[in-house]
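Have a look at the structure below before the remarks.
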Amino acid sequence: MPIVVSHVGSGCENTKLNHKLYCEMYSYNHEIVSDVRDTPEILEGLSRYAVIRSRLRKLPEGDWLLYLDGNAAIYRPVSIDEMLGTDDRLLVALLGSDPPEPARGLMVWRNTAENREILLRLDIAKGHEFARGSIGGDEVDLLRGAGLVPVHGSRNGTIVATRGRVLNWERLNAFAVCFDRLQKDKYSHQYSEDKPYRDFSVSRINRSIEGGGDVFCRSVEYQNDPENYSEFNTDSSVALISLYTPNIRSYAQISESNCTRYCTRHGYAYYVYRDLPDEAPANVSGNWLKAWLLLRHIKDHEWVVWIDADMLFIDQSKPLKEFLKGREVMVARDIAGWSFNSGFMAFKNSVENIKILQDISLMIDDVMDKSSVYSNQGDQFIFNRYFEDNKLVNDQNVCDYLTVNTHYCFADKSTFVAHFMGLGEPARSCMMEDFEKVSLSSGT
């Protein structure tokens, strides 16, 4: 009788549930096999083909085995018979490389003599990779040779699989979503995002399967001030400043509500711009106005703090002033190649810092194209360049990203400020909403 094998490691509870829900829907036999995940990368997937071969040979000739690892989730459930048809195997290509790289966490194999021989060669290839300390080459070549369904290829109107890093994948009619780590991703900063993003996405898929509705649907609608600008606690020594434009309101409103709650608790000033100010320079994206707005408010406070509209204070019991003690400037390391991330920056009101912001503003004025967030490498390039050229990148000024500006992949309920960078919509607003609920429920 056909079988679904879930080859998953620790921390994959959402994925296990997803596979279980699918098997219950079609009354498939389901076996969960523990994978070695808390080990060096080279061991991940080492036993993949041993698991498949040991189960496949026990099936009647011609029956199928669906193999799923912890990075594969069923999204639009259809039967395997409908997906496989009369074929002997179903292997799929994912986006991300040329030629396309195969999914290794989603495979369907019939118990045939040819497939058993292919799987033996794959098993041997994994052993060779392990012995020489490299990953992916032989296995990938053999899977390509066995025949792949093209990227976003479909069966009976349903895409076999898409990749979780495809923008707006939730809009596709896809049987499965794969969060595989491709060879191309090995040195990408997205490499570290896969697990938390996968767990978040799969939990949303499961909720949709069980209760209906869209995967990324919001449960709360935030009703913020309809005016383009507001302020409060303007006599405070510490002021937070944020700006967002209508095109990112879906998630920026969550950040505004969170920051309002935080500033109210600690008595900090909060200046929020919900569109570009009328007096701002023309033809600029909002991110290019950071230095301009910091200069606008710095003389009225002891400290001014810029916070991007995709950031949240998770543990709100922590006063910002504790992090500013003994400093004149505070920025935080970026998770990737930048010296620091310009999404969170604090400047003490001093002659020196006013000059820093004025100098940076002049540099920004000289940038010809400021029409988008990333044009001419974005404002972050200018801030980093100035700090590096003026020897301001030092341990005193640049704190680690676990203290402030924590990438969401490292965030939990004890995090001070989390940054939800690099996500598309509506995934970003949904993840921020989930973390805002964590912040609210923690009682901090």
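Numerical summary
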item	result
Choice from GLY70, GLY145, GLY45 with maximal GNM fluctuation in the chain (Cα, 10 Å cutoff)	GLY145
Residue-span extension gain [LYS413 to GLU13] - 0.36 nm each, minus C-alpha spacing	142.1 nm
Cα point-scatterer Debye curve for the range 379-442, base-10 log of I(q)/I(0) at q = 0.16 Å⁻¹	-0.67
Estimated translational D of the range 274-347 in µm²/s (Stokes, Kirkwood radius over Cα pairs; 37 °C; 0.692 mPa s)	233
Alpha carbon centroid spacing (whole Å) that separates the range 256-280 from the range 50-125	52
Unit charges at the beta carbon, dipole of the chain: most positive-side option, GLY145, GLN223, ILE360	GLY145
Qualifying lysines (Cα of each under 30 Å from Cα of LYS348; at least 8 residues distant if same chain)	LYS290, LYS299, LYS318, LYS321, LYS325, LYS370, LYS391, LYS413
Within-13-Å neighbourhood charge of ASP214 [Cβ basis; K, R +1; D, E -1]	+3
Dipole magnitude of the range 1-129 about its Cα centre (Cβ charges: Lys, Arg +1; Asp, Glu -1), debye to nearest 20	260
Binned Cα-Cα distance frequencies in the chain - 10 Å width, integer %	4, 19, 26, 20, 16, 11, 4, 1, 0
Dipole moment magnitude, nearest 20 debye, the range 357-444 about Cα centre, only Lys, Arg, Asp, Glu C-beta charged	240
Check: the chain dipole with +1 on Lys, Arg Cβ and -1 on Asp, Glu Cβ, in debye	880
In the range 191-268, the trypsin sites (Lys or Arg not before Pro) that fall in loop regions by DSSP, at most 13 other Cβ within 10 Å	none
Relative packing of peptides 268-276, 6-14 - highest average C-beta neighbours within 10 Å first	268-276, 6-14
At R0 = 45 Å, FRET efficiency that the Cβ-Cβ distance of ASP87 and ARG218 yields, to 0.05	0.65
Helix-only mean residue ellipticity at 222 nm for the chain, each DSSP H run of n ≥ 4 adding -39500 (n - 2.57), per residue, nearest 500	-10500 deg cm²/dmol
The range 275-428: equivalent-ellipsoid semi-axes (sqrt of 5 x gyration tensor eigenvalues, Cα, Å)	23, 20, 15
Reach of LYS126 by Cα under 25 Å, taken over lysines that are not fewer than 8 positions away in the same chain	LYS16, LYS58, LYS184, LYS186, LYS195
Relative contact order of the chain, pairs being alpha-carbon contacts under 8 Å that are 6 or more residues apart, as %	12
DSSP beta bridge pairing in the chain, given as percent antiparallel to the nearest 5	50
Neighbourhood net charge (14 Å Cβ-Cβ; Lys/Arg +1, Asp/Glu -1) for ASN168	+2
Peptides 161-170, 281-290, 50-59, 301-310 ordered by average Cβ neighbours within 10 Å, highest first	301-310, 161-170, 281-290, 50-59
Prolate/oblate/rounded call for the range 3-211, Cα gyration tensor, a/c under 1.5 rounded	rounded
Net charge of neighbours whose Cβ lies under 13 Å from the Cβ of VAL92, counting Lys and Arg as +1 and Asp and Glu as -1	+2
Cα gyration tensor shape of the range 56-154, rounded if a/c is under 1.5, else prolate or oblate by comparing a/b with b/c	oblate
Where labels lie 7 Å past Cα in the beta-carbon direction, separation of VAL373 and GLU388 in nm	2.2
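Every read-out reported here was derived from the displayed coordinates using simple, explicitly stated rules and does not represent laboratory data. Everything numeric here is computed off the predicted structure, so don't read it as measured data. Counting neighbours? That spans all protein chains shown, and the Cβs are built from the backbone with ideal geometry, glycine included.
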